[in-house]
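Below: the structure, in C-alpha cells.
The values are calculated or read from the model by the stated rules, or taken from the named source; none is laboratory data. In this text the structure is predicted, and so the values were computed from the model without any measurement. Every residue, glycine among them, receives a Cβ derived from its backbone with ideal geometry; neighbour counts consider all protein chains shown.
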Amino acid sequence: MQFKLLIVFVEDSKTTAIIEAAREAGATGCTVINHARGEGFEGHKSFFGLSLVSQTDVVLLLVERHLSRDILEKIGSVGEFDEKPGTGLAMQLDVEDAIGVMRQAEELAELVEEQL
C-alpha cells in the first residue's frame, strides 16, 4: 500500500472542521502541531506592537494515495483556502516508506478496493 503525507497549515479556529472533513473523506487519523507561525503575501498587522494574527496549526495526515486527492479537495473546500486569502494552505507529498501503519493499512484495504 502506498501513502501520501498531507500537510495542512490552518487557522486554529478551523482545525476541528478540517480534521472532521478529512475523516469523512477517508483519513484514519492525524497529528496536530499547535501554535505554528507563518506569514503570507502581506505582513502581519499589529496594534501597539502586539500581533493581531490568529494562531496557526499544522495538521499532518498519512493517507492512502488513492484517497489523497479527495481528502485534499475536501480540506481545501472546508477551510476556504482558495476563497479567503490567509486562511490556510494544504499540500501532499509522496511517502517512500512508513513504519507503524499496519493497522491503518488493514483498515484502508477494503475501503480502497471498493473505490477502485
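Check off (1) under 13 Å from the mean Cα position of the chain (by Cα); (2) at pLDDT below 90 for Lys84 and give me the number that stays unchecked.
With respect to (1) under 13 Å from the mean Cα position of the chain (by Cα); (2) at pLDDT below 90, Lys84 is out only on (1).
Considering each residue of the stretch 62-87, count those that are surrounded by 14 or more Cβ atoms within 10 Å (Cβ to Cβ), over 17 Å from Ala109 (Cα atoms) and of a type outside the set (D, E, K, R), and give that number.
Residues that pass the stated criteria total 8.
Of everything in the stretch 47-81 that's farther than 26 Å from Phe3 by Cα and out of contact with any Asp or Glu (no Cβ under 9 Å at 6 or more places or on another chain), which residue is modelled with the highest pLDDT?
Phe48
Exactly one of these conditions fails for Thr31: (1) at pLDDT 90 or above; (2) surrounded by 14 or more Cβ atoms within 10 Å (Cβ to Cβ). Give me its number.
Of everything listed in (1) at pLDDT 90 or above; (2) surrounded by 14 or more Cβ atoms within 10 Å (Cβ to Cβ), Thr31 misses just condition (2).
What are the residue pairs meeting all of these: first residue in the stretch 2-29, first residue more than 20 Å from Pro85 (Cα to Cα), second residue acidic (Asp, Glu) and in a helix (DSSP H, G or I), Cβ atoms under 7 Å, and 6 or more apart or on different chains?
So the pair list comes out as Ala25/Asp70; Gly26/Asp70; Thr28/Glu107.
With the checklist (1) modelled with pLDDT under 90; (2) under 12 Å from Leu5 (Cα atoms) in hand, flag the one item Leu93 doesn't pass.
(1)
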